[in-house]
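The values are calculated or read from the model by the stated rules, or taken from the named source; none is laboratory data. Computed from a prediction, not measured in an experiment: that's the story for all the values here. Glycine gets a Cβ as well: all are built from the backbone with ideal geometry, and neighbour counts include every protein chain shown.
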Amino acid sequence: MTSHLGLLAVFAFLVATVFAALMRDDPREQLRSGGLMFGGFLAVAIVLSWLMYPLPL
Amino acid sequence: MPSKITTAETARASAEPGVLALVCVAAWLVPGAGHLYLGRRQKAIVFFVALLTMFGFGLLLEGRIFPFELSEPLVALAAIADLGLGLPWLVARLAGTGAGTVTAVTHEYGNTFLIVAGLLNFLVILDAFDVAMGRK
C-alpha cells in the first residue's frame, strides 16, 4: 500500500485502538472513544494537510 | 471450598515486587501478556493484535529497526523506541529483517509504525504495572 491516506487511516486506527483500550474498561466505551479518536486523527490530518497545501509560498 | 479469585485480589497479590517485575517483563516481551496474567483478557487481546499488527506493518513498509548508535542521538532514541516490543524485536533481528530500504517510498511510514508500536507498548507496560498495583 502506497496511499498516504490509506496508511494514515491504518496508523490512526491502530493508535486509536490502543489508546481506547488503555483509557477505558467498558468495551462500549472503548469503541466510542476509539471511534472518536480515530475520526479526530483523520480530521486533523486532513485539515492540516490542506492548510499546508499552499506552501511553499 | 476456596472462593473464586477476583480481579482485585489478583491485583493485590500481584503487588509483590517479584510479581510486579514479572508482569512488566512479560508485558515488554509480548504485548498484552501482562494484562493477560492480571486477568484483563479483553485488553490483552487488543494490545496483542494491535501492536503486533503495527510492528508487522512497519516491517512490511520497509521500515528500519535502528541500531544503538550513541554518536547519533536521534538514531539512539529511535532504537530505544523500537525496543519497546521485546520479543518481536528479537525475532525480527534474528530473522535478519528490519534493515530498512531507505529508497522505498514507504520507508518513513515504516519507521513511524515501528517506533510508535514500541512507544505504545511502553504505555501498555505502565498500564499493566498500575493494574498490578491495584490503582486501576
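Yes or no: A:Leu8 among the aliphatic types (A, V, I, L, M) and at the interface with chain B (Cβ under 10 Å from one of its Cβ atoms)? Don't jump to the end; show me each part of the working.
On the way: among the aliphatic types (A, V, I, L, M): yes; at the interface with chain B (Cβ under 10 Å from one of its Cβ atoms): yes.
Yes.
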Which listed residue, of B:Pro88, B:Pro73, is over 15 Å from A:Leu22 (Cα atoms), crowded, with 19+ Cβ neighbours inside 10 Å and not acidic (Asp, Glu): B:Pro88
Which condition number does B:Leu20 fail, the rest of (1) away from chain A (no Cβ under 14 Å); (2) modelled with pLDDT under 95; (3) not in a helix (DSSP H, G or I) being met? (3)
A:Val10 fails exactly one of (1) closer than 22 Å to B:Phe122 by Cα; (2) part of a loop (DSSP other than H, G, I, E, B); (3) among the β-branched types (Val, Ile, Thr), namely (2)
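Any idea which of A:Leu8, A:Leu42, A:Leu31, A:Leu22 is surrounded by 13 or more Cβ atoms within 10 Å (Cβ to Cβ), within 20 Å of B:Phe113 (Cα to Cα), free of Cβ contacts under 8 Å to residues at least 12 places away in the same chain and of a type outside the set (Val, Ile, Thr)?
Details: A:Leu8 fails: free of Cβ contacts under 8 Å to residues at least 12 places away in the same chain; A:Leu42 fails: free of Cβ contacts under 8 Å to residues at least 12 places away in the same chain; A:Leu31 fails: within 20 Å of B:Phe113 (Cα to Cα).
Being surrounded by 13 or more Cβ atoms within 10 Å (Cβ to Cβ), within 20 Å of B:Phe113 (Cα to Cα), free of Cβ contacts under 8 Å to residues at least 12 places away in the same chain and of a type outside the set (Val, Ile, Thr) holds for just one of A:Leu8, A:Leu42, A:Leu31, A:Leu22, which is A:Leu22.
Only one of A:Thr2, A:Thr17 is within 13 Å of chain B (Cβ to nearest Cβ), touching a helix residue (DSSP H, G or I) at 6+ places or on another chain (Cβ under 6 Å) and either outside any helix (DSSP H, G or I) or surrounded by 11 or more Cβ atoms within 10 Å (Cβ to Cβ) (or both); which? Show your work before the answer.
Values: A:Thr2 fails: touching a helix residue (DSSP H, G or I) at 6+ places or on another chain (Cβ under 6 Å).
Going through A:Thr2, A:Thr17 in turn, the sole match is A:Thr17.
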Go through (1) within 24 Å of B:Val105 (Cα to Cα); (2) among the β-branched types (Val, Ile, Thr); (3) surrounded by 20 or more Cβ atoms within 10 Å (Cβ to Cβ) for B:Val23 and report which single condition fails. (1)
Lone unmet requirement of (1) of a type outside the set (Asp, Glu); (2) over 16 Å from B:Thr112 (Cα atoms); (3) within 14 Å of chain B (Cβ to nearest Cβ) for A:Leu57: (3)
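Looking at this structure, is A:Leu36 part of a loop (DSSP other than H, G, I, E, B) and either touching a residue at least 60 places away in the same chain (Cβ under 8 Å) or among the hydrophobic types (A, V, I, L, M, F, W, C) (or both)? If you could, list the steps in order and put the result at the bottom.
On the way: part of a loop (DSSP other than H, G, I, E, B): no; either touching a residue at least 60 places away in the same chain (Cβ under 8 Å) or among the hydrophobic types (A, V, I, L, M, F, W, C) (or both): yes.
Taking the combined requirement at face value, the residue does not satisfy it.
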